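Notes for the one structure printed next.
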Amino acid sequence: RGRRLLLPLSSVALYWSGMALNDWADRALDAVERPERPIPSGRVSPRAALGTAVALSAAGLGLAAWAGGRDALAVAVPLTAAVWSYDTVLKDTKAGPLAMAACRALDVLLGSGRGRAAAALPGAAVMAAHTLGVTVLAHGEVRGASPAVARAVLGATAVTAATPVALPTRTRRHRTGALAGAVAYATTVGRAQLRVVRDPGAGTVRSATKAGVHGMVPLQCALVAGAGSTAVAAGLALVLPLVRALSRKVTPA
């Protein structure tokens, strides 16, 4: 309500800052493994990428302050720190997937603010679990993944899909909405990850990572419907075709 409606814009700014920062931090590696990326190809300078990341982070924090005051800043500040820590320090360490999962959890909590964080924790945990699996699998985008990792991630996805349905709901209609979102999520993400189990090559891993990013939409639909907002969940479902169309222009991962 009110100014808090600007919090999604804060989330977008912080997400985009991470994308720009990721390209800046990976510029040397991308020059070898992905020379078509913006910085190695010369389309964007390293200074411009870093400046964009700084400006977007500042915009995200400013929007959070304007929209939710100290309540929102109490989440936006650690979220920004998590984004920068992941891209510049933690990404290539064993803590990398956990750091990315923390980014996603804090992004969900940004909507609730510090004052209502307890109510948002189940949804934040589900989104964090999903992000953890996608990030672990994404480490095989260049050299492929091990079959054991692929099986573990697929199993975790099955648990993640079942969780929104297992959470308390108000009515049977809300549980049905949660089930529909969970099935769509399992189909979108699980099918791609099953292909990685059968063929853990780099190409199938990249496809599964893309499906994992897209899969956040039906997973969010399941959570929102189960919480009692079936109309909002239906509106979110309409975003997925748009996301798939836009991903042909800009990579989501």
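The values are calculated or read from the model by the stated rules, or taken from the named source; none is laboratory data. Since this is a predicted model, take the numbers as computed values, not measurements. Positions of Cβ are generated from backbone atoms using ideal geometry, with glycine treated the same way; all protein chains shown enter the neighbour counts. The protein model used for the area step is the full one, side chains on, heavy atoms only, and it has no ligands, DNA or RNA in it. Shrake-Rupley method; radii C 1.70, N 1.55, O 1.52, S 1.80 Å.
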So, with a 1.4 angstrom probe, what is the percent of accessible area on segment 141-253 that is carbon and sulfur? 64 percent
Summing -39500 (n - 2.57) over the DSSP H runs of n ≥ 4 in the chain and dividing by its residue number, what mean residue ellipticity at 222 nm do you reach, to the nearest 500 deg cm²/dmol? -24500 deg cm²/dmol
Quick one: what are the phi-derived ³J(HN,Hα) couplings along segment 39-55, Karplus 6.51/-1.76/1.60 with θ = phi - 60°, whole Hz, x for glycine and proline? 6, x, 6, x, 6, 9, 7, x, 5, 5, 5, 5, x, 5, 4, 5, 5
C-alpha center-to-center spacing [segment 74-125, segment 134-149] in angstrom: 22 Å
By a straight-distance test (C-alpha under 19 Å), which lysines pair with K210 as possible cross-link partners, with residues fewer than eight away in the same chain excluded? K91, K249
Which loop trypsin sites (Lys or Arg not before Pro) in segment 30-93, with loop taken from DSSP, have no more than 10 other Cβ atoms within 10 angstrom of their Cβ? R43
Kindly identify the chain as rounded, prolate or oblate by the Cα gyration tensor criterion: order the square roots of the eigenvalues as a ≥ b ≥ c, call it rounded if a/c is under 1.5, otherwise compare a/b with b/c, prolate if a/b is larger, else oblate. oblate
In terms of solvent-accessible area of protein heavy atoms at a 1.4 angstrom probe, what is the ranking of K94, K249, highest value first? K94, K249
Most to least accessible of Y185, Y15 (protein chains only, probe 1.4 Å): Y15, Y185
If you take the charge dipole of the chain about its Cα centre, with +1 on Lys and Arg Cβ and -1 on Asp and Glu Cβ, which of A55, A184, G215 is farthest toward its positive end? A184
Cα centre as origin, Lys/Arg/Asp/Glu Cβ charges: segment 36-112 dipole, Debye: 140 debye
Please say if segment 29-163 is rounded, prolate or oblate, where rounded means a/c under 1.5 for a ≥ b ≥ c the square roots of the C-alpha gyration tensor eigenvalues, and otherwise the choice is prolate for a/b larger than b/c and oblate otherwise? oblate
Rounded to the nearest 20 debye, dipole of the chain from Cβ charges on Lys, Arg, Asp, Glu: 700 debye
Solvent accessible area, Å² - V89, 1.4 Å probe, full protein context: 100 Å²
Per residue, how large is the accessible surface of segment 14-106? Use a 1.4 angstrom probe and give square angstrom. 51 Å²
Work out how much length Y15 to R3 would gain on full extension: take 0.36 nm times their residue separation and subtract the Cα-Cα distance, in nm to one decimal. 2.3 nm
Please identify every one of the trypsin sites (Lys or Arg not before Pro) in segment 150-186 that sits in a loop by DSSP and has no more than 16 other beta carbons within 10 Å of its own beta carbon. R170
Rounded to the nearest 20 debye, what is the charge dipole size of segment 109-253 about its Cα centre when +1 sits on each Lys and Arg Cβ and -1 on each Asp and Glu Cβ? 200 debye
Does segment 104-194 come out rounded, prolate or oblate by the C-alpha gyration tensor, with a ≥ b ≥ c the root eigenvalues, rounded set by a/c under 1.5 and, if not, prolate when a/b is larger than b/c and oblate if not? oblate
